[in-house]
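Heads up, the thing below is written out as structure tokens.
The values are calculated or read from the model by the stated rules, or taken from the named source; none is laboratory data. Nothing here was measured: the structure is a model prediction, and the numbers come from that model. For neighbour counting, all protein chains shown are included, and Cβ atoms are generated from backbone atoms with ideal geometry for every residue, glycine included. For accessibility, only protein heavy atoms count, side chains too; no ligands or nucleic acids. Shrake-Rupley method; radii C 1.70, N 1.55, O 1.52, S 1.80 Å.
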Amino acid sequence: MNVTTSRLANTLARRFLPVVVLGTLALGPGTGPASASETAAIDSTTVFANVPAPGHPFGVAVDKNRVYISTSAGDFFTDPATGGHLNSDGERVFAYDKDGNLVTTTVIATAPNSNMELFGLALDGNHKPDHQLYIANMNERILHLPLDKKNATPTLFAQAPLPGGWMVTMWNDLVFDTAGNLFMTDDKPRLWRVTPDGQASIWFEDSRLTGLFGFAGGPLGARIDPSGQYLYFSITASAVFPGEAVIYRLPLVDRPTAADLQLVHRFPVVPGEALPQASGLAFAASGNLFVSLIGPNQIAVLDPAGNETRRISSPLFVSPWGLAFIGQSLLVTNASIEPVETPDHWKVLKVFVGEGGLPLNRPEAG
């Protein structure tokens, strides 16, 4: 397998407070999307949907007839000299139809002056009326939201057994295995497994997962490969390979050891340019792995052997973060990590990549 600034240190001074969960709002207006045709040019990029306040879309999940988007408007990336961007107005889970029209909005309240919130989303395989969306809250918890009930309220599904907020445990992305376990990335640096009844335990720890800033820059995005035997995950900015973004994989065994950790790909630091900063991942059915790079505002494509085969660029990309397939296109969330709030950048983009996605595990869950 070939081996070829992220979470900025201004997070140190801030501490995240617990969230309080509210219910679901009424229908929102349509967004007037311009979606790409499935016969468009490869890598052509259009706007799938505009994202209303609080903006900063992070997570994305595609269901049978809905697309779910999570937000993280509390911005720990911005320069503390400017006051950063703290959010006291709650985060959102937006539901869009397949044409990019906003259908429902669920509010998840935050404590005052929050600087971090929601990222990964995962759907279970339950049928009506028990279909659920699982939401990674970067402040060490997982919420689940009933999708078949009007005005449903998200509730707590799991919480990390290490109290102290995101400076101690920062659950970023989550993905189901076939048995209904959720695997979670945590840049402290470790990976977690959460059982179907919500019991969380550390699955793997290793110093090679450490981020450049110690408390940040470690494991972020995660997906299971087409064989179903490996968990792939991104390191945003590595300490072991200073500043590089790295993709690793681990076999899905009960207790992986240090010897099981395999290096898939390194994205090198280019002098004079932003660090690569890998974030979200998505597998095509072919085994190609798509990787968001928020530094250069690009999507990298790795073949099944771990070789980079191309980069997708677009002037529409602004901190591309979450990835999910829809048909032969890739949905990309613009996290819009910028010193100045720019609502025009709060978008979900649609990139025609000419191949379909690997179906995600969606087990029936409790």
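Which of the residues spanning the range 325-348 are part of a strand (DSSP E or B), crowded, with 23+ Cβ neighbours inside 10 Å and not basic (Lys, Arg)?
SER329, LEU330, LEU331, VAL332, THR333, ASN334, VAL348
Would you be able to say whether some residue in the range 206-223 is assigned to a helix (DSSP H, G or I) and surrounded by fewer than 19 Cβ atoms within 10 Å (Cβ to Cβ)?
Yes; the residues of the range 206-223 include at least one that is assigned to a helix (DSSP H, G or I) and surrounded by fewer than 19 Cβ atoms within 10 Å (Cβ to Cβ).
Any idea which of (1) within 20 Å of the chain's Cα centre (by Cα); (2) under 19 Å from ILE299 (Cβ atoms); (3) not acidic (Asp, Glu) is the one SER238 doesn't satisfy?
Status for SER238: all satisfied but (2).
Please state which of the following conditions ASN139 fails to meet, knowing it meets all the rest: (1) in contact with a helix residue (DSSP H, G or I) (Cβ under 8 Å, 6 or more places away or on another chain); (2) at pLDDT 95 or above; (3) not aromatic (Phe, Trp, Tyr).
For ASN139, the exception is condition (2).
Just wondering, is there one or more residues in the range 330-352 that are on the phi > 0 side of the Ramachandran plot, touching a Phe, Trp or Tyr at 6+ places or on another chain (Cβ under 8 Å) and at pLDDT below 95?
yes
Yes/no matrix, rows are residues, columns are (1) part of a loop (DSSP other than H, G, I, E, B); (2) open to solvent by 10 Å² or more (accessible area, probe 1.4 Å):
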{"position": "TYR134", "(1), (2)": "no, no"}
{"position": "ILE142", "(1), (2)": "no, no"}
{"position": "LYS150", "(1), (2)": "yes, yes"}
{"position": "THR153", "(1), (2)": "yes, yes"}
{"position": "THR169", "(1), (2)": "yes, no"}
{"position": "ASN172", "(1), (2)": "no, no"}
{"position": "ALA179", "(1), (2)": "yes, yes"}
{"position": "MET184", "(1), (2)": "no, no"}
{"position": "TRP192", "(1), (2)": "no, no"}
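Just one of (1) touching a Lys or Arg at 6+ places or on another chain (Cβ under 8 Å); (2) surrounded by fewer than 18 Cβ atoms within 10 Å (Cβ to Cβ) trips up GLU273, so point out which.
Condition not satisfied by GLU273: (1).
What number goes with the only condition from (1) open to solvent by 50 Å² or more (accessible area, probe 1.4 Å); (2) touching a helix residue (DSSP H, G or I) at 6+ places or on another chain (Cβ under 6 Å) that VAL318 does not pass?
That leaves (1) as the condition not met.
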